[in-house]
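What follows draws every value from the coordinates through simple rules; no lab data is involved. Model, not experiment: these values are computed from the prediction. So basically every Cβ, Gly included, is an ideal-geometry build from the backbone, and we count neighbours across all protein chains shown.
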Amino acid sequence: MSLSKQLLILISFIFFIVFSVSFLLSIDNIKSYLEVESEIHVQDTATSLGLSLSPHMVDEQDPILRTMMNAIFDTGYYKEMRLVNVDGDDLIKLTNPARIEGVPSWLLTLVPMKTATAVSEISSGWSISGTLYVSSNPGYGYLKLYQQGKATLTYSLLLFFCAVVLLVFALRMTLRSLKDIEKQATEISSGQFTVIKKLPWTLEVRNVAKSMNSMSDKIGGMISRLNGKLESLSDNLKRDPLTGLFNQSTFDEDFKHSLAAGDTGYAAFIKIDELAKIAKDQGNQSVDQLLIEFATLLNSIELNGMTTYRLYGSEFALLCPKIEQKELSGLANKLQNAISELASSYSIDDLVHIGIARYDRTSEFNKLMPALLEAYEQAKNIGNNAYFVKEDIDSSMTDLEWKAAILSCIENNTPEITFTAQAYDFRGKKEVKVMEEAFTVVKDHQGTSLSIGTFFSMAQEFDLVEEMDKCIVNKIISLMEETKHSTPVTINLSMVSVSSVDFKSWLQSRLATSTLKHELLAFSVTAYSAAKDLTAFANFSVFVKSFGATTLLKRYSSDIIAVDMLKDLHIDYVRLARDLTSDIRGNSSKPDFLELMQEVSSLLDIKVLAEGVTADDDFKAVKKIGLFGISR
């Protein structure tokens with residue numbers, strides 16, 4: 001029950017008690033007053049009438065006696081008048097049994113009034129000649145009592161109505177401020193650190209609003225500072241500490257993203273040959289200086305979209321999505337000339353060799369590195385600081401074959417679903433399974449498993465990814481219903497489906513017929529994909545929350561989506577990128593990053609999951625930090 005209703009009921013109850021007591025006391029006082037007034041009135045009447053009748057009591061049959069009594073009795077204020085002689089015989093008796101109109105019968109029963117009777121002895125000379133009895137008519141008293149009570153009740157109700165109207169107005173003014181504070185508290189709990197600009201006029205509520213504003217500013221500031229630290233740590237985790245170039249894990253992730261986006265471009269593998277010999281001849285300091293200068297050289301090459309990496313030791317890489325062959329030739333020649341100049345400064349003729357491979361939407365990630373190494377070996381056979389371009393990474397299927405496989409998968413409902421990556425909460429005495437992922441396996445007509453990344457990339461190319469998502473989601477839900485699943489399951493979706501009104505409508509209809517608890521469904525999108533349209537993903541999160549399901553952001557790192565933006569996405573889970581929870585001891589920034597991530601997510605009420613923590617040392621470190629779920 002709302003506070004306004006509680007106050008209205010309380011005040012109405014108090015008013016009822018006060019009014020009832022006041023009303024009853026008022027009625028009783030009026031009744032007592034009327035009874036006393038009646039006694040005085042009939043006594044005065046009996047005395048004055050007795051004196052008037054005294055001269056005529058010599059003749060008991062004198063008609064003037066009745067005439068005088070009738071004149072007084074006909075006013076209606078008397079119930080009975082009786083004149084008796086000295087022997088006790090009634091000489092004249094007048095009665096008025098009629099009720100006063102307008103007085104309800106229940107009033108006569110509930111509020112009985114005493115009938116006042118006055119007695120006056122009549123003298124004739126020195127002797128008593130008779131006695132006069134006068135009784136009042138209580139009907140007039142009841143009428144006056146009823147009119148007074150009705151007027152009191154009417155004006156009291158009118159005052160009560162006016163008081164309620166005034167109270168409602170005052171409550172609205174006060175409670176509107178409380179609603180603003182409630183809204184602010186809700187927004188703070190969801191990560192929106194807003195402040196109330198228009199402070200309420202009620203002193204106590206105003207002080208509460210000021211406290212809430214202060215708390216919101218402090219938490220928001222703390223989140224902002226933590227986010228800055230996370231961004232710095234995240235950037236350090238993705239870069240080589242010596243050269244400042246991106247590292248191996250970043251190269252792998254970027255290439256996967258490029259494939260998922262359907263890009264056509266080139267990747268280059270560059271290796272400084274005989275680095276060990278250079279270290280022996282010129283010392284480790286010279287080697288470090290060479291690596292730094294070489295990194296600077298790579299960064300100096302201006303080409304839109306090109307990213308440079310140091311993979312390991314003397315191995316470097318370039319990723320050039322959306323570059324044409326003509327641009328590549330110019331880049332390779334420019335790079336070769338710059339490397340030759342650098343080599344001469346170290347008195348080295350043959351410094352590096354470069355292997356370049358072309359990739360497109362049909363390429364598979366696990367075939368890139370072998371192709372680059374093959375091109376590198378070819379470059380070594382060409383000459384000093386030479387490069388070789390391999391124009392294609394072997395693809396097992398043509399575009400038409402991919403399309404046929406996708407259509408067959410949808411029409412025949414052939415995706416195979418397995419539940420993997422079981423994550424457990426290790427924070428309590430007993431480990432509890434908190435999440436697992438629905439992994440999809442697709443095969444061609446020969447039963448050979450296909451790369452799921454390439455499969456969905458091609459499905460998106462042929463505008464079939466939404467139908468594919470519907471097929472897979474339906475199969476996952478059906479399987480969960482059959483197995484009576486009780487653990488939340490991550491269901492991966494494409495941003496095409498997340499942004500589609502038709503897919504949302506289909507999903508709502510499918511869940512309406514499902515016997516599965518909706519909170520067991522965690523719809524997932526990669527952080528890289530979600531970053532392309534955060535508004536669409538946030539709207540989808542709100543949509544699935546409306547019927548009890550949840551959302552998860554996978555492969556998350558703060559350089560893709562800033563931590564302070566997570567609050568706007570309305571997500572329930574974050575699953576960290578694998579490289580953030582691997583080789584933790586080998587990188588001092590990772591423990592700090594994970595601790596900060598856990599702290600920020602707790603403030604934003606987001607559960608953090610770590611995936612694929614295989615090494616025991618890494619598992620111990622992650623467990624100590626206290627993440628919500630860890631999968632091994």
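Remarks
- Reported value for the chain: 266 Å³ per residue, from the convex hull of its C-alpha atoms.
- Sorting Ser38, Ser105 by the number of Cβ atoms found within 10 Å of their own Cβ, with the fewest placed first, yields Ser105, Ser38.
- In summary, the lysines within cross-link reach of Lys238, defined as a Cα separation below 19 angstrom excluding same-chain residues under 8 places away, comprise Lys229, Lys256, Lys554, Lys590.
- Antiparallel content of DSSP bridges confined to region 399-631, in %, to 5: 35
- Compared with the dominant Cα axis of the chain, that is its longest principal axis, helix 616-625 is turned about 30°.
- For the chain, the mean residue ellipticity at 222 nm estimated from helices alone is -17500 deg cm²/dmol, where every DSSP H run of n ≥ 4 contributes -39500 (n - 2.57) and the total is divided by all residues, rounded to the nearest 500.
- Least to most buried among Leu10, Leu143 (fewest other Cβ within 10 Å first): Leu10, Leu143
- Unit charges at the beta carbon, dipole of the chain: most positive-side option, Ser26, Val489, Ala268: Ser26
- For a straight C-alpha distance cut-off of 16 angstrom, the aspartates and glutamates reachable from Lys504 (same-chain residues fewer than eight places away being disregarded) are Glu466, Glu467, Asp469.
- Charged neighbours of Glu481, selected by a Cβ distance under 12 Å, balance to +3 (K, R count +1; D, E count -1).
- Cβ-Cβ FRET estimate between Thr152 and Asn70, R0 fixed at 30 Å, reported to 0.05: 0.20
- Close Lys-Lys pairs in region 1-138, where close means Cα under 22 Å and separation is 8 or more or interchain: 5
- The slack between Gln325 and Thr513, meaning 0.36 nm per residue of separation minus the straight C-alpha distance, is 62.4 nm.
- Angle of helix 501-512 to the longest C-alpha principal axis of the chain, folded into 0 to 90 degrees and rounded to 10: 60°.
- Local net charge near Ile571, Cβ-Cβ under 13 Å (Lys/Arg +1, Asp/Glu -1): +2
- Dipole-positive endmost among Thr515, Thr448, Ala163 within the chain (Cβ charges, Cα centre): Ala163
- In this calculation the C-beta distance from Gln422 to Asn381 is compared with R0 = 56 Å, giving a FRET efficiency of 0.70.
- Within the same chain, lysines fewer than 8 places from Lys403 are excluded, and of the rest, those with a Cα less than 20 Å from its Cα are Lys443, Lys470.
- DSSP bridge analysis restricted to the chain gives an antiparallel fraction near 70%, rounded to the nearest 5.
- A simple charge model with +1 on the Cβ of Lys and Arg, -1 on the Cβ of Asp and Glu and nothing else charged puts the dipole of region 399-631 at about 780 debye relative to its Cα centre.
- As a calculated quantity, the FRET efficiency between Ser4 and Ser211 at R0 = 25 Å, using C-beta atoms, amounts to about 0.65.
- Environment charge of Lys271, counting only residues whose C-beta is closer than 14 Å and scoring Lys/Arg +1, Asp/Glu -1: -3
- Taking 0.36 nm per residue of separation and subtracting the Cα-Cα distance, full extension of the segment from Leu303 to Glu187 would add 37.4 nm.
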